[in-house]
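The values are calculated or read from the model by the stated rules, or taken from the named source; none is laboratory data. Note that the structure is a prediction, hence the values are computed from the model and not measured. With ideal geometry, Cβ positions are generated from the backbone for all residues, glycine too; neighbour counts draw on all protein chains shown. Side chains are part of the model used for accessible areas, which takes the heavy atoms of the whole protein and leaves out ligands, DNA and RNA. Shrake-Rupley method; radii C 1.70, N 1.55, O 1.52, S 1.80 Å.
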Amino acid sequence: MGSTLGDILVREKVLNPDQLNAALEFQRKHDVSLASAIIAQGFVTAEEMAQGLSRQLGYPYIDLDQFEVYPDVISLVTVDAAKKYMIMPIHRIRSFLTLAMVDPTDLDVIEDIRFRTGLSIQPVIASESGIMNAINKYYGASHALKAKKSVEEIELADDSKVSIIQEAKDDFDTADDEEPADEAPIITLVNSIFVEAIKKGASDVHFEPYEKSFRIRYRIDGILYETMNLPMKFKNPVLSRVKIVSNMNIAEKRLPQDGRLKMRIKLDNGVKKEVDMRVSSLPTIFGEKIVSRILDRENLQIDLTKLGLEAESLETFKKSIGRPWGIILVTGPTGSGKTNTLYSAISTLNAMEKNIMTAEDPVEFYIPGINQVNIRDEINLTFSTALRAFLRQDPDIMLIGEMRDAETVDTAIKAALTGHLVFSTVHTNDAAATIHRLLNMNVEPFLIADSVVLIVAQRLIRKVCRKCGVPQKIPGRTLIELGFSAEEAEGVTVLQGRGCETCNNTGYKGRTGLFEVMEVTAPIKELILQRAQSKDIKKKALEQGMITLRRSGLIKIKAGITSLEEVVRETIRD
């Protein structure tokens, strides 16, 4: 009944006839629903469409975020049917089922659901994004449902049922198909939270206590998503359980603590997977906040060609890391992928004839053939201490996790000037600004010019889901303002993910890097010696062909890898 939907939106003046024809053509070309085609073209928002249909047809418009749907209602419609038809069951009274729909004019869907459930259907209107979020929230995956069941068990249980079981073993194994019959619900709940995070590809799990709630969030592809919001009675048992399996002191709640755990799970395909987790607790005004960093070796990309470097930047990078001496700096904010880039570089150089040593805080992944040291400030094993010790260990290549102070920088420069290749990181916004960061640490300009050979600035952005990505109509003026030339803007097709099961209904799946690779050439060395401003150094680098972070993002938009919103979020116009 797609034509009925289109006619209604035209009558309601939500669309004009030309826009409807363009949307119908888009629908035929990309095999999507008319509602999705209209939204993808940018003619209206999902909410505007839903409200327009509500006014014209007389069906109520509802915000699904404000509804709590009970499990017995959800079970009436399968997850496959909900995703196929973009519907959500929300309420049942006797023989009537209230069904949220994007297109309530589709009588075929109504008839199919009536046949499946044996109930009379009462349609209401909701936005496509609202229904997708509800499907993701209420159906979830098997371990998410197990977690919800555990929550229900704990809610119904006596206080004595909410117990903590301390285990002597270090490993945390959930690979068995069946939970022990006598396992405490709180253990099942914590297991399910971790397992679901691993299966969704989360990098971090946040346990966050507030005044009246206890929130669980996952960071997936760099973005935090709320997965549970539990009553405060869950706070102490859940946090205690996490601290126990991480080998923390559960009696100490006033000071920050660090812990680690190893977890084994069984994936849906039957394969067992093992991941390490680095766990950190921090006292807040409403209790301890715990963050668990998931260190999944399968997510470590150490192939230089797959990091996201443009061909010209990759060539410059490879040439610089092949030098026998000098300092190579990678810069960017926390979580921008600097460690991955450094690991990729030293893995490329890893050979029998090379002595490679690293000082990290902490070591995240073990790389065979490389000597890795954990920094421990509490016993004065700092970056500068480790670096001085490295120089007595006959090194060829050294990696210093971060140049935090003048002493570390001074030692690194001396190492570089005496025939060693040194990798490290600095926190600055772009490549050119790194020079001034070093100058502010009281490093002489001639030492910077003589030792630093390459500076790489980077960011991580999400990639549009390949399964549900569809073209998005963007005005040419917007593309030009973003940084495209007028000629480029005419031929650019911008993709946007609609959301599907593969990408957890986010429209994005996986991440890639934006890179700004600045080689310290002779002209740039002259500017450093003159203490030139960052903008002048950047201008000279651009003249020599450097690709900026924004330009790297534009190249990836043009290639259909990422969206306009991601590039705008992480970069500024040059």
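Values for this structure:
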item	result
Segment VAL363-LYS319, length gained on full extension (0.36 nm per residue, minus Cα span)	13.2 nm
Shape category assigned to the chain from the gyration tensor of Cα positions, a/c cut at 1.5	oblate
Solvent-accessible area of VAL520 with every protein chain in place, 1.4 Å probe, in Å² to the nearest 10	10 Å²
Two-site FRET efficiency, LYS354 against LYS137, from Cβ-Cβ distance with R₀ of 51 Å, rounded to 0.05	0.50
Carbon + sulfur, % of accessible area of region 1-101 - ligands and nucleic acids excluded, 1.4 Å	50 percent
Centre separation in Å (Cα based) which lies between region 272-323 and region 384-453	22 Å
LEU255 paired with ASP72, simple spin-label distance in nm, labels 7 Å along Cα-to-beta-carbon	5.3 nm
Apportionment of accessible area to carbon and sulfur, region 352-445, percent (1.4 Å)	46 percent
In region 304-419, lysine pairs closer than 18 Å at Cα, eight or more apart or cross-chain	6
Cα centre as origin, Lys/Arg/Asp/Glu Cβ charges: the chain dipole, Debye	580 debye
Rounded to whole Hz, the Karplus (6.51, -1.76, 1.60) HN-Hα couplings of region 251-262, x for glycine and proline	7, 8, 10, 9, 10, x, 9, 10, x, 9, 8, 10
Three-way shape call for region 63-129 based on the alpha-carbon gyration tensor, with the a/c threshold at 1.5	rounded
Trypsin sites (Lys or Arg not before Pro) restricted to DSSP loop in region 213-256 with at most 13 other C-beta within 10 Å	ARG254
Accessible-area composition of region 238-332, carbon plus sulfur, in percent [1.4 Å probe]	51 percent
Area of THR493 that stays accessible when all protein chains are in place (1.4 Å probe, Å², to 10)	80 Å²
Value of relative contact order over region 277-361, rounded to a whole percent, pairs C-alpha under 8 Å and six or more apart	24 percent
Prolate/oblate/rounded call for region 360-411, Cα gyration tensor, a/c under 1.5 rounded	oblate
Spin-label model distance (nm) - LEU282 vs ASN380, 7 Å beyond Cα toward Cβ	2.9 nm
Segment ASP536-ILE223, length gained on full extension (0.36 nm per residue, minus Cα span)	109.2 nm
Length-normalised contact order for the chain - Cα pairs under 8 Å, 6+ apart - percent	10 percent
Label zone at ILE555, where the point sits 7 Å out along the Cα-to-Cβ direction: region 418-446 residues whose backbone N lies under 16 Å	431
Per residue, in Å², the accessible surface of the chain once ligands and nucleic acids are set aside, probe 1.4 Å	48 Å²
Two-site FRET efficiency, ASN21 against ARG94, from Cβ-Cβ distance with R₀ of 51 Å, rounded to 0.05	0.70
